[in-house]
Amino acid sequence: MIAVIPLLIHLWNRRQAKIVDFSNLIFLQIAHRQSVRRIQIKHLIILILRMLILMFIALALARPILKNQFSFAGSRTKTSCVIILDHSYSMSYQDIDGSRFELAKSVAVNVVESLQNGDNVSLILMSNKAQPIFQKLTRDFNQVKAIIRNIDASYQSTLISPALTMAHDLLIESTAPNKEIYLITDLGKNGWQNFGHLPNPSDARIFLLPIGNYLPKNISIEEVETSPKLIGVNTPIHLKAKLKNHSKDPVESTNLKFFIDNQKQSHVATPIGSKEHVELTFKYNFASPGIHTGYLELSPDRLPIDNRHYFAVENYKQLQALCVGNNNLYLFLGLNPERELKPTEKYTILPSNCPENELKNFTPENFDILVLADLPKLTEQVKQTIQLFLRFGKTIIIFVANQIDIKSYNSFLEWMPATFLQPATWSPPTTISDYNLKHPIFEVFQDTSFSITPKFYRGVKIETTKNANVLARFQNKIPFLIERKIGKGNILLFNVSVTNPSTSDLLVNPKFLPLLQQSALYSKSLQSPQKRNILIGEPYTAKLEQYRSMDAKIHLTTQATYTRPINSNGVLEFSDTYKPGIYQINAGDSNSVLRDFFAVNVDPMESDLTPIEANQAAERISARLAVKPEGDTWRKALNSQRTGREIWGAMLVLAIILMLFESILSNQNET
């Protein structure tokens, strides 16, 4: 387009000849026409020269290359190359001809060896995040090859798009005429999700090099969970393991072993069909409180990384419950059931009785939960105690009978989870028909028997306040259990009497004890809300207020030890979770010592080794499929495509010559 500019200027400046009658000079017309024709031809030549000059300058700035399809194109041209090496844990799969990652490394080394002097290269390790080994392209090929040979597969999953985007960014900055990207991967479909077609902003040639010629076979542990999630001393739990056969071939028998605190507890063998899920359950009782760790382990197979799943569970030590009320017999039996009707210190929950007028003698530091049992009215002392427990991050459990002072209860709406309207009598009696089975309080009730028993005869009509959450309702839609979080604390409101069995038969129903104990354990769990079971790469965060501004040492079995500060708010943050296993936390001083644990596991999504179809993958990233590079033949074939000749210099020289010629013509006198 720029070459047209002189033509437009020429056409704009053309002038129409003006006819003027002058004497009798007809005899001069023939000579005039000959002179004008000569001048016009000269101007046309100058115009063409100027157009050619601008065209050659524009082409030179574009740095054109004659490729090898032209017989006069010349020799090999400079190449910038980015190698993307998939080092996700699926690449650790052992094929018949060896580890896929070792094969991928040899492919990457062959690509580097195909480069010559004047070329440059970079290496990106690909997992669920892109890790550039070199921030810029380098000509040190020996260093690149040495790094490739010493790399190990990671424990992370796969994501294609970030690595390709980073490769394009590196090549956009390159001035090399030829640009190439090599994606070396097993094509596991997990890495190709959540994106469509990727553009090619660097205009590079992209080569897709699939690793693995056989359909893989793999069984993995997808998930491990405890039921119930809230565990007390000597409380039986069920550890559920979900297995998945990711291959099309059934497996006659696979063995699953169960370990607690490094001691084998049991094992079970099970067949598993093609693409089938299997759930196995182990039963266990924790005899001592604290954090217990363990793992489940499958029989060895071709991908050993996902054969072990670690877990850490907290077995709550004795909970101290401060019970305020006049008749706490049923409450004590529900929290600490003993035949002698006397609380025993061997049980998980130890209730203490407190008359309302003695509340000022008790402090929240010595108790985990505060239980208000059918208090007729809420006095100023009760209000102060509630506020103090909430400030310490504790939970208050409130039971209300239908004989309460509604005005007194409604005077504390700034923290009460409901507004009290009026006492209610239900005839026929109502039952609980709607409750959240996923909530920790109700997870032990995996049936619908609440719709039959217990029966409720009297209660209170209530409406939930702002920020409150209804966990269960009666058949008549009146809330039965409401939860509200207040700052660091929590309130559970039960719309039932815990002292008068005539208002319902809940107190003599088998569901009363697990309902009350799950509520107490749930209340305790809110005081240590850290997530103890995380995936590779996820940060671990713990609230350790007692150890604020101290250093915590974090150990992964016998491997590396990390030191991390606990900040002034008592929060410990740890992000170096790049290996699976049990991590131990040590902190404290001579007065108090912390010994805590958390578990890290690989992402189970990566265990599905089913590959995406190669042609489909190549189309989505604008790539061409390439055969596995082996030997000199492959390198010669690749280098034959890297030939070409840069002609921008020749075009600049030609433009200068034309400029000299145009200058000579322009300066000649027109006669």
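Picking from residues in segment 183-206 that are under 20 Å from residue 101 (Cβ atoms) and charged (D, E, K, R), the one that is surrounded by the most Cβ atoms within 10 Å (Cβ to Cβ) is 186.
When residue 471 is tested against (1) in contact (Cβ under 8 Å) with a residue 40 or more places away in the chain; (2) touching a Leu at 6+ places or on another chain (Cβ under 7 Å), only condition (1) is not met. Taken over segment 243-273, the criterion of being in contact (Cβ under 8 Å) with a residue 60 or more places away in the chain and basic (Lys, Arg) is satisfied by 244 alone. Among the residues making up segment 406-430, those that are aliphatic (A, V, I, L, M) and in contact with a Lys or Arg (Cβ under 9 Å, 6 or more places away or on another chain) are 416, 418, 421, 424. The single condition from (1) more than 22 Å from the chain's Cα centre (by Cα); (2) part of a strand (DSSP E or B) that residue 600 fails is (1). Scanning segment 542-556 for residues that are in contact (Cβ under 8 Å) with a residue 24 or more places away in the chain and within 13 Å of residue 588 (Cβ to Cβ) yields 544, 545, 546, 547, 550, 551, 552, 553.
Out of 506, 492, one residue alone is surrounded by 14 or more Cβ atoms within 10 Å (Cβ to Cβ), touching a helix residue (DSSP H, G or I) at 6+ places or on another chain (Cβ under 7 Å) and at pLDDT 95 or above. It is 492. Each residue in segment 209-225 was checked for being under 23 Å from the mean Cα position of the chain (by Cα) and at pLDDT below 90, and 1 pass.
Can you pull out every residue in segment 203-231 that is closer than 27 Å to residue 121 by Cβ and touching an Asp or Glu at 6+ places or on another chain (Cβ under 8 Å)? Correct list: 204, 205, 206, 207, 210, 211, 212, 213. Taken residue by residue, segment 557-572 has no member that is in contact (Cβ under 8 Å) with a residue 60 or more places away in the chain and of a type in the set (D, E, K, R). Answer yes or no: is there a residue in segment 265-285 that is among the hydrophobic types (A, V, I, L, M, F, W, C), surrounded by 14 or more Cβ atoms within 10 Å (Cβ to Cβ) and under 30 Å from residue 367 (Cα atoms). The answer is no, given that none of the residues of segment 265-285 is among the hydrophobic types (A, V, I, L, M, F, W, C), surrounded by 14 or more Cβ atoms within 10 Å (Cβ to Cβ) and under 30 Å from residue 367 (Cα atoms). Restricting the first member to segment 278-304 and to residues that are over 18 Å from residue 236 (Cβ atoms), and the second to residues that are among the acidic types (Asp, Glu) and crowded, with 17+ Cβ neighbours inside 10 Å, the beta-carbon pairs closer than 7 Å and six or more apart or on different chains are 291/314; 291/596.
To keep it simple, each residue is scored yes or no on (1) at pLDDT 90 or above; (2) surrounded by fewer than 13 Cβ atoms within 10 Å (Cβ to Cβ).
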position	(1), (2)
386	yes, no
398	yes, no
418	yes, no
426	yes, no
445	no, no
448	no, yes
457	yes, no
475	yes, no
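Just to be sure before I move on: is residue 143 of a type in the set (S, T, N, Q), more than 12 Å from residue 84 (Cβ to Cβ) and part of a loop (DSSP other than H, G, I, E, B) in the structure I sent? Considered against the rule, which asks whether it is of a type in the set (S, T, N, Q), more than 12 Å from residue 84 (Cβ to Cβ) and part of a loop (DSSP other than H, G, I, E, B), residue 143 comes out as no. Total residues in segment 563-575 satisfying the condition of being closer than 28 Å to residue 89 by Cβ, surrounded by fewer than 15 Cβ atoms within 10 Å (Cβ to Cβ) and not polar (S, T, N, Q): the figure is 1.
Residue 106: in contact with a Leu (Cβ under 7 Å, 6 or more places away or on another chain) and either of a type outside the set (A, V, I, L, M, F, W, C) or in a loop (DSSP other than H, G, I, E, B) (or both), yes or no?
It is false that residue 106 is in contact with a Leu (Cβ under 7 Å, 6 or more places away or on another chain) and either of a type outside the set (A, V, I, L, M, F, W, C) or in a loop (DSSP other than H, G, I, E, B) (or both).
Within segment 152-182, the set of residues being under 23 Å from the mean Cα position of the chain (by Cα), buried (at least 23 other Cβ atoms within 10 Å of the Cβ) and not in a loop (DSSP other than H, G, I, E, B) comprises 160, 163, 164, 167.
Checking each residue in segment 463-473 for being more than 16 Å from residue 434 (Cα to Cα) and either outside the structural domain of residue 395 (by TED's automatic domain parsing) or surrounded by 15 or more Cβ atoms within 10 Å (Cβ to Cβ) (or both) picks out 465, 468.
Restricting attention to segment 452-495, the residues being of a type in the set (Ser, Thr, Tyr), in a strand (DSSP E or B) and over 37 Å from the mean Cα position of the chain (by Cα) number 1. Among the residues of segment 207-223, those identified as within 30 Å of residue 522 (Cβ to Cβ) and surrounded by fewer than 21 Cβ atoms within 10 Å (Cβ to Cβ) are 222, 223. Among the residues of segment 97-109, those identified as surrounded by fewer than 19 Cβ atoms within 10 Å (Cβ to Cβ) and either farther than 16 Å from residue 150 by Cα or in contact with a helix residue (DSSP H, G or I) (Cβ under 7 Å, 6 or more places away or on another chain) (or both) are 97, 98, 99, 109. Residues in segment 111-124 that are in contact (Cβ under 8 Å) with a residue 60 or more places away in the chain and either touching a helix residue (DSSP H, G or I) at 6+ places or on another chain (Cβ under 7 Å) or in a strand (DSSP E or B) (or both): 2 in all. Only residues that are surrounded by fewer than 23 Cβ atoms within 10 Å (Cβ to Cβ), of a type in the set (A, V, I, L, M) and in contact (Cβ under 8 Å) with a residue 24 or more places away in the chain were counted across segment 125-143, and they come to 3.
For residue 520, indicate whether it is assigned to a strand (DSSP E or B), in contact (Cβ under 8 Å) with a residue 40 or more places away in the chain, surrounded by 18 or more Cβ atoms within 10 Å (Cβ to Cβ) and small (Gly, Ala, Ser).
In short, no.
The values are calculated or read from the model by the stated rules, or taken from the named source; none is laboratory data. Since we're looking at a predicted model, the values are computed, not measured. Quick reminder, even Gly has a Cβ in these numbers, built from the backbone with ideal geometry, and neighbours come from all protein chains shown.
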